[in-house]
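Each remark here refers to the structure printed beneath this line.
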Amino acid sequence: MTLTSRPVPPKLRALRRAVLGLAVTGLAVLGPAPMAARADGTLVSGTPADGAALPDPPAAVALSFSATPDAALSHVSVRDSAGREVSAGPLLAGAARELRRDVRITGRGDYTVAFHIEFTDGSETIGARSFSVGTGVAPRPAAADAADGHQHEIDPLSAVLLVVDLAAVAGVGLLLLLRPRTR
């Protein structure tokens, strides 16, 4: 048995050249482009201060960061020692690089501020701080895992489905390129 090769039709050759040309052009344009700078913002300060013992309840909690936070994608939760939410109203962008959350505190005790902040450059930070109201003593330190519930993890099922979708699209594209032409 001998193998013979069929001549490649001119239209298919032109299509292959066009796809190769687009790929080379895309790599030439996007390859050397610098990646967006990431500041990986961190918490700079907060009001009330971490560990503060306040005589009267604050009207709001404010957090300042080293990068610009995205208020729409960020979460700040203020809870009492029983875990009840005392935040009031939406998270607001304050002065430059600051987020503010109004609170409605009516009793004495320890309070925890848990936060998951997404910055406009795509980086994020999580953390927790604490303060007390009306007790005259510093609060217990905020639990290290108080903000863990705010992580935005990649859903494994969605990731698998995305890979399957990409493989299906690539397969269909390959079949379209290799299909025989009817006359």
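No lab work stands behind these numbers, since they all come straight from the coordinates. Note that this is a predicted model, so its numbers are computed, not measured. Quick reminder, even Gly has a Cβ in these numbers, built from the backbone with ideal geometry, and neighbours come from all protein chains shown.
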FRET efficiency, 1/(1 + (r/R0)^6) with R0 30 Å, evaluated for residue 72 and residue 40 via beta carbons: 0.95
Segment residue 179-residue 60, extension gain: residue separation times 0.36 nm, minus the distance between their alpha carbons: 36.3 nm
Three semi-axes of the equivalent ellipsoid, the stretch 43-150, Cα gyration tensor, whole Å, largest first: 23, 14, 12
